[in-house]
Every structure is written in structure tokens, then in C-alpha cells.
Amino acid sequence: MTTEPQRFEVLIVPEHAEGHDPGTLSEVALRSALVAATGETGASGYPRFAGEGIVADIDPATRTVEALLIDGSEIDYGLSARVREVGR
């Protein structure tokens, strides 16, 4: 049984929201999606998660998004991705 998270919520937020508490980021998020582990490792070397048009390589230990595609495209400048764990 793995102890790594299997699902995350990815929140796409303006860069100026970086300091906000992850619990309240949904208030300023421009987009959010629930992503689940695919069982694959991405090009970044981290586990790949996908869902609702978002594919992300996420470091489960630090909750850092290492690579991200939104509807097949890279994220726009001025935006950042944050994650929070959701139920297993």
C-alpha cells in the first residue's frame, strides 16, 4: 500500500496569490481540477497526475508541480499552479 497521495486538486492562480493559504486559494483560482495518479512517471521524473484537462507531474513529498499542461498547452506567464491533497 502506497502512502503517497493518489489525488490532488490543482489550482491555477495569479502569481500574486502565491502567499495565500492553500485552503483559501480556491477563492482566487482561475481554474481548478481534480487529478488522479496515472501510474506513470513524467519526463520530470515525478509521478504523473491527470484529470479534467490537466496533466501534471507532481512531487508528492513537497506538493510542488514540476510540469504542467492545461488542455495540451503550457501555463501562461503570470499564472502559477498550486496543489492540495484530496481524499484518497
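Just so it is clear, none of the values below were taken in a lab; they were calculated from the coordinates. Because the structure is a prediction, the values reported are computed rather than measured. Cβ placement follows ideal geometry from the backbone for every residue including glycine, while neighbour counts extend to all protein chains displayed.
Values for this structure:
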quantity: Residues with amide H under 5 Å from that of V86, placed H, sequence gap 5 or more; calculated: R7, F8, E9
quantity: Residues with amide H under 5 Å from that of L79, placed H, sequence gap 5 or more; calculated: E15
quantity: Highest to lowest packing among 62-69, 51-58, scored as the average C-beta count within 10 Å; calculated: 51-58, 62-69
quantity: Per-residue ³J(HN,Hα) for the stretch 54-66, Karplus 6.51 cos²θ - 1.76 cosθ + 1.60, θ = phi - 60°, Hz, x for Gly and Pro; calculated: 10, 10, 9, 9, 10, 7, x, 6, 9, 6, 9, 7, 8
